[in-house]
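Here the structure comes first, spelled out in structure tokens, and everything after it is commentary.
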Amino acid sequence: MYLRARNYDATTGRFTQEDPIRADGNWYAYCAGNPVNAVDPSGCIIELYDGATPEEIEQYYLAIIYLSQSKTFMDIYNELCESETVFTICFIDFEPYQLSNPNGETQQFEGDRYVGTYIFWNPYSGLVLGDEKSVQSPALGLAHEMSHAKQDLDGVMGKIKAIYSNENARINALEKDNLKYEIQVAKELGEPIRTEYKAKKEIKMTNSIEYGIIENEEFINSNKNQGQFIQMILISKLLGVLISYITLRILNEIRRIL
């Protein structure tokens with residue numbers, strides 16, 4: 001039975017080809033043997049790190065559903081999903097965190113970041129722009145870091161690193177190139193736009209898709225469709241469980257007949 005990326009053998013209950021992304025230990029398994037709680041329609045994935053909480057996972061998928069309104073974002077997202085590289089989403093909060101470089105040296109960071117196929121993202125961090133009033137959504141921050149992953153895939157990151165020996169110059173060049181994606185996604189979503197990359201100020205949001213303005217030191221949410229996207233998350237959860245259950249029943253019935 002052909003299931004898009006691979007053929008499924010109903011007799012053995014296994015795929016006959018390796019997962020093209022080669023994630024996890026068993027490349028012939030589907031969703032790590034847990035199809036009730038996971039779906040991998042293409043065989044190529046963007047992983048969520050193992051320690052992700054249900055709330056973080058929900059905020060991630062809420063962000064993806066919201067961002068899917070943007071054609072520019074979907075082009076980026078699909079490129080990452082269809083590549084042979086496994087990208088991992090790591091959830092962070094407002095506290096500093098430490099990462100080790102290839103030399104074994106530890107550095108301290110804050111905020112969203114893309115480091116070697118790992119996307120560090122705070123699903124509650126809104127970005128206050130230079131006017132100190134406009135606030136972008138945490139979801140747009142996720143799109144920004146995924147754009148860095150696209151730069152990496154396309155070889156742009158490597159070219160810029162080869163040109164600039166100074167780290168600050170490298171960062172400025174990478175961010176300037178990356179802003180063209182962020183600006184387009186923001187336009188398509190109707191979010192505030194920043195035209196240059198500057199040191200950022202963050203404020204805590206109640207979910208990953210809030211954006212708006214600050215007036216009299218109070219945040220005003222401008223995402224009027226927020227409730228609609230949250231409802232979509234709840235519906236998708238129910239549909240996911242139902243589809244997985246039906247799929248298992250069908251596969252088990254095929255195995256029984258054969």
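The values are calculated or read from the model by the stated rules, or taken from the named source; none is laboratory data. Predicted model only: the values in this text are computed from it and were never measured. Reconstructed Cβ throughout: ideal geometry from the backbone, glycine too, with neighbour counts over all protein chains shown.
State all residues of the stretch 82-98 that are over 12 Å from Ile119 (Cα atoms), touching a residue at least 12 places away in the same chain (Cβ under 8 Å) and part of a strand (DSSP E or B); if no residue qualifies, say none.
Tyr97
Look at Phe87 and say whether it is crowded, with 18+ Cβ neighbours inside 10 Å and of a type in the set (Phe, Trp, Tyr).
Yes.
Among the residues of the stretch 201-221, what is the count of those that are touching a residue at least 12 places away in the same chain (Cβ under 8 Å) and within 23 Å of the chain's Cα centre (by Cα)? Explain how you work it out, then say what you get.
Of all residues in the stretch 201-221, those touching a residue at least 12 places away in the same chain (Cβ under 8 Å) come to 201-215, 219.
When the remaining residues are screened for being within 23 Å of the chain's Cα centre (by Cα), the result is 201-212.
Total meeting the criteria: 12.
Considering every residue within the stretch 85-106, establish whether at least one is on the phi > 0 side of the Ramachandran plot, acidic (Asp, Glu) and at pLDDT 85 or above. It would help to see each step written out before you state the result.
Step one: of the stretch 85-106, the residues on the phi > 0 side of the Ramachandran plot are 104.
Going one step further and asking which of them are acidic (Asp, Glu), we end up with none.
Checked against the condition, which is being on the phi > 0 side of the Ramachandran plot, acidic (Asp, Glu) and at pLDDT 85 or above, the stretch 85-106 yields no hits at all.
Identify, by number, the condition in (1) within 21 Å of Ile46 (Cβ to Cβ); (2) part of a strand (DSSP E or B); (3) not small (Gly, Ala, Ser) that Lys150 doesn't meet.
In the conditions (1) within 21 Å of Ile46 (Cβ to Cβ); (2) part of a strand (DSSP E or B); (3) not small (Gly, Ala, Ser), Lys150 misses (2) alone.
Starting from residues that are under 19 Å from Ile230 (Cβ atoms) and among the small types (Gly, Ala, Ser), keep the ones in the stretch 53-92 and report whichever is farthest from the chain's Cα centre (by Cα).
That would be Ser70.
Say we look at the stretch 52-78 and pick out the residues that are in contact with a helix residue (DSSP H, G or I) (Cβ under 6 Å, 6 or more places away or on another chain) and farther than 24 Å from Met205 by Cα; which of these is surrounded by the fewest Cβ atoms within 10 Å (Cβ to Cβ)?
Out of the qualifying residues, it is Thr72.
Residues checked against (1) among the charged types (D, E, K, R); (2) under 30 Å from Glu217 (Cβ atoms):
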{"site": "Cys81", "(1), (2)": "no, no"}
{"site": "Thr85", "(1), (2)": "no, no"}
{"site": "Leu129", "(1), (2)": "no, yes"}
{"site": "Lys133", "(1), (2)": "yes, yes"}
{"site": "Lys161", "(1), (2)": "yes, no"}
{"site": "Asn166", "(1), (2)": "no, no"}
{"site": "Arg170", "(1), (2)": "yes, no"}
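Looking at the structure I just gave you, is Ser125 within 28 Å of Tyr49 (Cβ to Cβ), touching a residue at least 60 places away in the same chain (Cβ under 8 Å) and either loosely packed, with under 14 Cβ neighbours inside 10 Å or out of contact with any helix residue (DSSP H, G or I) (no Cβ under 7 Å at 6 or more places or on another chain) (or both)? Walk me through it before giving the result.
Working: within 28 Å of Tyr49 (Cβ to Cβ): yes; touching a residue at least 60 places away in the same chain (Cβ under 8 Å): yes; either loosely packed, with under 14 Cβ neighbours inside 10 Å or out of contact with any helix residue (DSSP H, G or I) (no Cβ under 7 Å at 6 or more places or on another chain) (or both): no.
So Ser125 fails the test.
Can you tell me which of Gly227, Gly240 is under 25 Å from the mean Cα position of the chain (by Cα), more than 26 Å from Arg113 (Cβ to Cβ) and modelled with pLDDT of 70 or more? Steps first, please.
On the way: Gly240 fails: modelled with pLDDT of 70 or more.
Selected residue: Gly227, the only one of Gly227, Gly240 that is under 25 Å from the mean Cα position of the chain (by Cα), more than 26 Å from Arg113 (Cβ to Cβ) and modelled with pLDDT of 70 or more.
Do we find a residue being under 28 Å from Ser83 (Cβ atoms) and β-branched (Val, Ile, Thr) anywhere in the stretch 120-137?
No: zero hits.
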